[in-house]
Amino acid sequence: MIISHAHRFIFFAVPKTGTQAVRQALSVHLGPDDWQQHALYGQARLPIPALAAKGHGHLSVREVAPRIDRDTWDSYFKFGFVRNPFERFVSAYLFLFRNSPAAKERGPTQITEGMKAALNHPKFRRRVLITPQTELLTDADGRLALDHLGRHERLQADFDEIAQRLGLPPTPLPVRNATEHAHYSHYYDDELKEMVGALYDQDLSRFRYRFGTTASAPAA
């Protein structure tokens with residue numbers, strides 16, 4: 001999460017959508033009175049106690065909008081990125097279990113069964129990295145609350161559009177926080193596809209993704 005008063009924007013950092021790369025590219029342009037909240041690469045908290053208490057930077061529209069003044073919310077350029085939910089889930093799962101002793105020895109079948117087991121645990125499903133993207137980016141009425149929605153599948157091109165809109169120079173995005181794995185389809189069988197599809201049904205319909213796709217049409 002970044003709220004920049006210098007450049008009048010709000011960046012919503014959806015986990016596993018290129019968040020760290022975008023944040024790093026934006027950070028070098030922030031003014032001394034701009035706000036960030038993140039936890040992975042050093043702690044930074046927004047000067048809003050209720051949000052700072054969350055302890056991470058993946059804050060939702062529904063958490064942020066009521067806690068900043070209306071003029072700021074209405075006038076600042078709000079943006080974020082989304083990703084195919086089937087691919088995002090694989091990336092999030094492998095990131096969360098990257099330090100498991102057996103992580104480097106697991107093949108696709110073991111990873112598939114591990115993902116199924118994880119999805120059966122409510123505590124795992126509540127983790128912020130697993131949160132559906134619609135829950136982070138829609139308001140209390142279920143409306144997409146951004147001025148610009150970028151996509152992980154065309155991260156650099158969409159970031160370039162955003163930078164131009166903000167009057168920032170073109171910046172090659174670094175590779176940060178990436179999880180190495182085969183194409184996400186290698187880890188799915190029919191049962192896992194059904195489980196993940198049910199969890200992210202709103203993401204799939206709102207952002208027009210399906211299994212096997214990359215970039216899609218703009219979200220409604």
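The values are calculated or read from the model by the stated rules, or taken from the named source; none is laboratory data. Everything numeric in this text was worked out from a predicted model, so none of it was measured. Every residue, glycine as well, gets a Cβ built from its backbone with ideal geometry; the counts of neighbours run over all protein chains shown. With ligands, DNA and RNA removed, areas are computed over all heavy atoms of the protein, side chains included. Shrake-Rupley method; radii C 1.70, N 1.55, O 1.52, S 1.80 Å.
Summary of computed values
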{"item": "Any hit, segment 165-174, residues being open to solvent by 80 Å² or more (accessible area, probe 1.4 Å), hydrophobic (A, V, I, L, M, F, W, C) and at pLDDT below 95", "result": "no"}
{"item": "Residue within segment 40-48 that is touching a helix residue (DSSP H, G or I) at 6+ places or on another chain (Cβ under 9 Å), outside any strand (DSSP E or B) and closer than 20 Å to I162 by Cα present", "result": "no"}
{"item": "Test: D203 is at pLDDT 95 or above, of a type in the set (D, E, K, R), under 24 Å from R98 (Cβ atoms) and open to solvent by 40 Å² or more (accessible area, probe 1.4 Å)", "result": "no"}
{"item": "Any hit, segment 13-22, residues being among the hydroxyl-bearing types (S, T, Y), out of contact with any helix residue (DSSP H, G or I) (no Cβ under 7 Å at 6 or more places or on another chain) and not in a loop (DSSP other than H, G, I, E, B)", "result": "yes"}
{"item": "Residue match in segment 131-141 (condition: open to solvent by less than 40 Å² (accessible area, probe 1.4 Å), of a type in the set (S, T, N, Q) and in contact with a Lys or Arg (Cβ under 7 Å, 6 or more places away or on another chain))", "result": "yes"}
{"item": "Set A39, A65: member being over 20 Å from P174 (Cα atoms), open to solvent by 20 Å² or more (accessible area, probe 1.4 Å) and among the hydrophobic types (A, V, I, L, M, F, W, C)", "result": "A65"}
{"item": "Residues of segment 181-198 satisfying the condition of being surrounded by 14 or more Cβ atoms within 10 Å (Cβ to Cβ), assigned to a loop (DSSP other than H, G, I, E, B) and under 20 Å from the mean Cα position of the chain (by Cα)", "result": "H181"}
{"item": "All positions within segment 124-146 that are touching a residue at least 12 places away in the same chain (Cβ under 8 Å) and under 18 Å from R208 (Cα atoms)", "result": "T131, P132, Q133, T134, E135, L136, L137, T138, L144, A145, L146"}
